[in-house]
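These notes are about the structure you will find just below.
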Amino acid sequence: MMKHIQEQSIASHVYDTYPLYEIQGLSELKQDLIHHILIFENYPVEEQIEQLGSSEASSFTITGAGVR
């Protein structure tokens with residue numbers, strides 16, 4: 001069983017990476033396949049989030065978010 005699992009794992013490495021240009025080439029959408037960018041920045045904001053529930057005004061704001 002372990003040998004079979006190892007063989008499957010090795011065989012699956014062929015699919016680990018696939019160039020975006022090849023994916024776009026196979027798609028009907030071509031260059032329009034991916035037309036947006038999502039940026040996620042992870043800042044330590046635990047204290048600010050906890051303050052949101054308090055009666056004090058919070059300096060925590062979300063800016064630059066929108067849908068185009």
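From the list Gln31, Gln48, pick out the single residue that is part of a helix (DSSP H, G or I) and touching a residue at least 12 places away in the same chain (Cβ under 8 Å).
Gln48
Each row is one residue, and each column tells you yes or no for (1) modelled with pLDDT under 90; (2) on the phi > 0 side of the Ramachandran plot; (3) surrounded by 10 or more Cβ atoms within 10 Å (Cβ to Cβ).
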residue: His4; (1), (2), (3): no, no, no
residue: Val14; (1), (2), (3): yes, no, no
residue: Gly25; (1), (2), (3): no, no, yes
residue: Leu33; (1), (2), (3): yes, no, yes
residue: Ile37; (1), (2), (3): yes, no, no
residue: Phe40; (1), (2), (3): yes, no, no
residue: Val45; (1), (2), (3): yes, no, yes
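Filter the stretch 1-28 down to the residues that are assigned to a helix (DSSP H, G or I) and among the charged types (D, E, K, R) and list them by number.
Just the residues of the stretch 1-28 that are assigned to a helix (DSSP H, G or I), to begin with: 2-15, 20-26.
Hits for the stretch 1-28 are Lys3, Glu7, Glu22.
The values are calculated or read from the model by the stated rules, or taken from the named source; none is laboratory data. Treat the numbers as computed from the prediction; the structure is a model and nothing was measured. Note that each Cβ is placed from the backbone with ideal geometry, even for glycine, and that neighbours are counted across all protein chains shown.
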